[in-house]
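Just so you know, all these numbers are worked out from the coordinates, no wet-lab data involved. Here the structure is a predicted model, which is why all the values come from computation and not from measurement. Note that each Cβ is placed from the backbone with ideal geometry, even for glycine, and that neighbours are counted across all protein chains shown.
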Amino acid sequence: MQSKVREFFEQFPLEEYHRGDIIIFAHMNLGVVYYIESGTVIEYDIAAKGTRTILNTFKATAFFPMSNAVNDVDTPYFFEAEGAVKLRKAPSDQVIQFVKQHPDVLYDLLQRTYRGADGLLARLSETMHGDAESRILQELDIIRQRFGYESVETGDLLMRKVSEIELAERTGLARETISRTIQKLKTKRGLKIQKGHFIISR
């Protein structure tokens, strides 16, 4: 199925972005969908007071923003390259036609959408009812599920590098709260940090 998606997008131009490059500005309807060949892209919102909230992260083989392509509306959020990123850009109408013609691609897209929705609902629940510790652990668990991998040497579950600033942007907590709570979690939950990676021991 992934090879089918890749072959479809390979007919369109390749674009390269660097860390911090904005791919899509908020309130734009470009009429295109991007496919990620390599790298990761973050979707975020900026509040009136200027604080940034990371809403989602897209990795290789994902394509975005499908909401405005399906509903023909402006995207209300920003999309930014998290590092070096290679993208293919296809017209929205051709992507929609391709998805309609391939039920397996549509089903995979639906699965991804529901997984993402579940993650957002978990975040919302923790924001409304949880304390700083539970909100950070929830976010780390989401990152682990999507980007985690097992250490060949120790068998520990590792997550990609994530900074305190990024955790603040993902949870809505102040950076000082993140730093203070991480120290508590090291003692209470055995959370470890090694070269920027959060580690959850088995």
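A few comments on the model shown:
- When the charge dipole of segment 2-101 is built from unit charges on Cβ atoms (+1 for Lys and Arg, -1 for Asp and Glu) and taken about the Cα centre, the candidate among V85, L30, G50 whose Cα reaches farthest toward its positive end is V85.
- Extension gain, D131 back to R19 (0.36 nm per residue minus Cα-Cα distance, nm): 37.1 nm
- Note on K86: aspartates and glutamates with a C-alpha under 18 Å away, same-chain residues under 8 apart excluded, are E7, E10, E15, E16, D21, E37, E43.
- Residue-averaged 222 nm ellipticity for the chain, from DSSP H runs of 4+ at -39500 (n - 2.57), nearest 500: -14000 deg cm²/dmol
- Using 0.36 nm per residue and subtracting the Cα-Cα separation, the extra length available between R115 and A60 on full extension is 18.2 nm.
- For segment 1-73 and segment 108-137, distance of Cα centres in Å: 20
- Summed residue charge, Cβ within 9 Å of F12's Cβ, Lys/Arg positive, Asp/Glu negative: +1
- Candidate cross-link partners of K49 among the aspartates and glutamates, defined by an alpha-carbon separation under 19 Å and a same-chain spacing of 8 or more, comprise E166, E169, E176.
- Each label was represented as a point 7 Å from its Cα along the Cα-to-Cβ direction; for K49 and A26 these points are 1.5 nm apart.
- Length-normalised contact order of the chain in % [C-alpha pairs under 8 Å, at least 6 apart]: 20
- FRET efficiency, V73 to K100 (Cβ-Cβ, R0 22 Å, nearest 0.05): 0.75
- Measuring against 20 Å, Cα to Cα, the residue pairs K59/K100; K4/K161; K161/K186; K59/K186 contain K59/K100; K4/K161; K59/K186 as the ones spanning a longer distance.
- Each other residue within a Cβ distance under 14 Å of I46 adds +1 if Lys or Arg and -1 if Asp or Glu, for a net charge of -2.
- With the convex hull of the Cα atoms taken as the outline of the chain, the averaged projected area works out to 12.5 nm².
- Considering all different alpha carbon pairs of segment 1-107, the Kirkwood hydrodynamic radius works out to 14.2 Å.
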